[in-house]
Amino acid sequence: MNNPHENSEYKDYTPLGVAVGLFIGILMTASFSYAALVLGFSTNGSPVAAVLGWGIMSAIFKRGTIIENNIIQTVASGVNTSTAGVIFTVPVLLIRGAEFNFWWVLAAAVAGAILGVGFIIPLRKQMIDVDRLRFPSGTAIASILRSPAEGLQKSKLLLWGGIISASVYFIIKFPTMGLPQIIPASFDLNPLFHLPDYINNIWAVSLLSLGIGFIAGRNGLFVLAGGILAYWLITPVIISLGMIPPNIAEADFSSFVHSAVTRPLGIGMLIGGSLMSIVLIIPAIKATFKSFSYSAVGSSGKEELSLSVLYKVIFLAFLLFVASSYFTSDISLPTAILISIVSTIWLMFAGIIVSQATGMTDWTPISGMSLIAVAILMLFLSSDEVTTAVLIGAAVSVAIAESADMMQDLKTGHLVGSMPIKQQTLQLLVAGIGPVISLSVMLLIWNSGGIDPATGNRLPGFGPGTDIEAPQAVALGATIDSVVDGNVPADKFLAGGIIGAILSFTSIPGLGVIMGIAMYLSMKYILPYGLGSILSVIFMRWKGKHWVENKGIPFSAGLILGEALMIIVFALITVFG
């Protein structure tokens with residue numbers, strides 16, 4: 001069989017391909033940043049990038065090969081992957097009113113992205129060639145790339161989904177433009193079923209949530225189950241047993257139970273499930289660490305990025321990490337160096353764990369790993385150094401996400417015949433772009449809350465009491481406050497940790513983490529998300545797997561992009577008038 005690289009028509013990357021990849025990556029990063037703020041979790045952007053890549057290259061430029069489109073999705077996902085790492089952590093600084101330097105936070109996130117890619121590259125041979133891990137998403141993306149005609153059709157479905165989603169969101173915003181309300185932003189079903197107010201049965205009109213739920217499929221039902229457990233079972237039981245303090249008003253019963261019981265339980269389940277994931281893949285981790293010496297030999301040729309280059313890149317990223325840690329708060333330089341060393345070791349270790357978990361199950365417990373990192377750091381830092389802890393948590397989260405994505409992309413490249421060194425080089429070069437976009441979108445939405453007519457102060461665009469609750473950041477903030485104040489709800493964390501660890505032994509990858517996260521998410525977005533998952537299961541049985549993958553998922557991806565891009569447009573209008 002001929003090597004495609006020997007033919008000049010089959011280049012791995014071209015300036016046009018890289019430019020298209022950057023465009024798609026920036027588009028997805030902006031969209032998924034909003035989705036992560038709203039829902040508290042996101043979805044894998046690589047399939048969306050692969051579909052958009054075929055659509056743009058085929059429909060607009062009338063060209064494109066399998067390996068060139070693989071580079072497009074590698075670049076796009078490399079830019080987009082850092083979204084969750086930034087959005088799960090940094091918003092807590094804005095919600096808490098902490099002062100921080102945008103540029104040093106950005107520098108830490110960029111350093112984390114580069115370190116995550118740099119540390120995982122030497123393990124390609126072990127995970128893909130030796131262990132032959134499946135990497136389900138990477139394998140699925142390879143199937144998309146091998147079907148150019150289907151890729152173009154999927155792009156059209158994605159476009160229609162985007163148009164419909166954007167149109168619905170535009171109509172929802174009519175009242176802000178002085179027009180009559182046609183579609184409400186949410187609706188309460190409690191009066192219809194004569195339920196008490198503390199039963200949280202408000203549904204957000206969010207096609208974005210519906211689309212992410214459809215893409216999640218069966219596993220999304222466990223998110224819905226976690227929400228039902230927290231809001232429709234635990235909350236009513238606690239209220240009916242009279243366990244609410246007498247000074248709490250009836251209208252605040254549900255929010256009290258959420259902050260005092262279900263959220264700490266969910267955080268405990270998240271941590272317990274994440275820690276148990278480490279235990280369950282220890283044998284695989286041992287084999288991976290042994291591969292470092294093997295990688296030193298395998299990386300010397302033209303196929304892999306040389307270790308000497310990686311050492312230099314990692315060293316420069318580490319210096320940037322130290323500088324951002326030192327200049328963010330009033331810690332000494334030796335302390336900044338020590339914290340950076342410990343954090344770098346942790347992010348390397350966590351990156352390997354998550355990459356292994358992704359390769360085996362397609363599950364990435366990013367939020368759990370970052371929460372553990374911040375909680376541990378807060379034990380050694382003062383309350384004035386919260387910014388440093390969050391900054392390092394962001395770097396760890398971004399690094400973990402980039403590690404898993406790099407290995408997924410290399411698996412795809414392995415299946416379609418791309419040169420690993422070219423994917424590795426490009427992802428190292430573009431990984432730092434994602435944090436720039438995510439942080440910019442975060443600040444844009446934060447400043448889009450409008451002006452309080454009573455005080456003249458700018459209202460927050462997300463956080464408690466707003467339409468965009470940023471649940472991951474709120475949970476992180478609650479954990480930080482409990483550590484700083486010395487009021488850690490150890491009993492609830494422990495109980496949740498035990499439950500999360502037990503659930504991790506089931507045949508469903510990451511069940512403890514999935515249900516733990518759902519325990520502190522907003523129910524009004526869990527409900528449409530769960531409806532999307534139910535529809536996915538129904539169509540899987542009715543139309544079959546091929547229909548869901550080739551029609552339902554591309555259309556759902558459009559639902560995500562359409563609504564997310566519209567909220568960014570409205571945020572720009574609000575901020576800049």
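The values are calculated or read from the model by the stated rules, or taken from the named source; none is laboratory data. Note that the structure is predicted; figures quoted are calculated from it, not measured. Heads up, the Cβs are rebuilt from the backbone with ideal geometry, glycines too, and the neighbour counts pull from every protein chain shown. To get the accessible areas, we keep the full protein, side chains included, count just its heavy atoms, and leave off ligands, DNA and RNA. Shrake-Rupley method; radii C 1.70, N 1.55, O 1.52, S 1.80 Å.
The share of Cα pairs per 20 Å bin across the chain, counted from zero up to the longest distance, runs 21, 57, 20, 1 percent. Placing unit charges on the Cβ atoms of the charged side chains and taking the dipole of the chain about its Cα centre, the candidate lying farthest along the positive direction among THR387, ALA564, MET523 is ALA564. Computed per residue of the chain from DSSP H runs no shorter than four, each worth -39500 (n - 2.57), the mean residue ellipticity at 222 nm is -22000 deg cm²/dmol. Our estimate of slack between LEU429 and ASN487, defined as 0.36 nm per intervening residue step minus the Cα-Cα distance, is 16.6 nm.
Taking other residues whose beta carbon is less than 14 angstrom from the beta carbon of GLY161, and scoring Lys, Arg as +1 and Asp, Glu as -1, yields +2. When +1 charges are put on Lys and Arg Cβ atoms and -1 charges on Asp and Glu Cβ atoms, the dipole computed for the chain relative to its Cα centre reaches about 1540 debye. Could you tell me which of PRO489, ALA251, VAL537 has its Cα farthest along the dipole of the chain towards the positive end, charges placed at Cβ (Lys, Arg +1; Asp, Glu -1), taken about the Cα centre? Final value for the positive-end residue is VAL537. With 31 Å as the limit, the listed pairs LYS156/LYS422; LYS62/LYS173; LYS173/LYS411; LYS411/LYS551; LYS173/LYS551 have LYS62/LYS173; LYS173/LYS411 beyond it between alpha carbons. Each Lys or Arg adds one and each Asp or Glu subtracts one; over the other residues with Cβ under 15 Å from the Cβ of LEU229, this totals +2. In this simple spin-label model, placing a label point 7 Å from the Cα along the Cα-to-Cβ direction at both ILE451 and PHE193 gives a separation of 4.3 nm. Across the stretch 549-564, the residues whose backbone nitrogen lies under 15 Å from the label position 7 Å along the beta-carbon direction of LYS156 are 550-552, 554-555. With the simple spin-label model, which puts each label point 7 Å out from Cα in the Cβ direction, the PHE315 to ASP467 separation comes to 5.2 nm. Taking all protein chains as shown and a probe of 1.4 angstrom, PHE170 keeps an accessible surface of around 90 Å². Estimated at 0.36 nm per residue, the fully extended path between ASN247 and ILE573 surpasses their Cα-Cα distance by 113.2 nm.
Summed over the residues of the stretch 444-577 and divided among them, the accessible surface reaches 44 Å² per residue at a probe radius of 1.4 Å.
Arrange the residues PHE321, PHE555 by how much accessible surface each exposes, largest first, with a 1.4 angstrom probe.
PHE555, PHE321
The loop-placed chymotrypsin sites (Phe, Trp or Tyr not before Pro) in the stretch 41-110, going by DSSP, that have at most 15 neighbouring Cβ atoms within 10 Å of their Cβ come out as PHE61.
To put it simply, the accessible area of the chain at a 1.4 Å probe is 66 percent carbon and sulfur.
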